[in-house]
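Here is the structure we will look at, set down as structure tokens.
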Amino acid sequence: MARLLDKYKSEIVPALMTEFALTNKLAVPKIDKVVVSMGVGRATMERKRLEDAVRDLTVIAGQKPKITRAKKSVSNFKLREGMEVGCMVTLRGARMYEFLDRLMNVAMPRIRDFRGVTRAFDRAGNYSLGVADISIFPEVNMDNIEWQQGLNVTLAVANSDAAKTGRMLELFGMPFRR
């Protein structure tokens, strides 16, 4: 069992139930999925950039990403509908908790001058954050990186609002900015 999943079941669920006066375990906020995505704007001109992004995201997430395509044509960006512009992967279950563990406890402390992440919640309690450079992940081989690439991480949370999700992530160990 993933370390964070065990922590969620044994520590976080009881703490949230008492703090928010919840009587049913099913009413406690739970992370449904984590979506990790990379937008590769230069992929329209250089196919190698998209291939490198797919390779790096495969190493970071532990599963092969789906290549995303443009939904609209934008002439100013020389972008046509259907062009490949990025990649994404959806993590669930134990792999999701292992990714979150690596993100919070291994990758984020490696960011230079790191003061914490901002509180970016939507109305439904989902949380999103951006990572400016993938080189903070120890799985990525620094010799293969030719240009700086960032990624977006979105946590889809069920049965929640911003306050409950924020408290749950604090209990997980998410380093929020004070």
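The numbers here are math on the coordinates, done by the rules we state, and not lab data. Worth saying up front: this structure is predicted, and the values here are computed from it rather than measured. Cβ: placed from backbone, ideal geometry, glycine included. Neighbour counts: every protein chain shown.
LYS7: net charge of surrounding residues, Cβ under 15 Å, Lys/Arg +1, Asp/Glu -1, itself excluded? Computed value for this residue: 0.
For the chain, what are the DSSP H helices with axial Cα length of 20 Å or more and mean Kyte-Doolittle hydropathy of at least -0.5? Walk me through the numbers before you get to the answer.
Details: long enough: 47-61 (21 Å, -0.30).
Result, helices passing both filters: 47-61.
The lysines within cross-link reach of LYS33, meaning a Cα-to-Cα straight distance under 21 Å and a gap of 8 or more places when in the same chain, are LYS7, LYS9, LYS25, LYS64, LYS66, LYS164.
Classification of the chain by its C-alpha gyration tensor yields a prolate form. The axis ratio a/c (a ≥ b ≥ c) is 1.5 or more, and a/b outweighs b/c.
Our helix-only sum for the chain, with -39,500 (n - 2.57) per DSSP H run of n ≥ 4 divided by its residues, gives a mean residue ellipticity at 222 nm of -8000 deg cm²/dmol.
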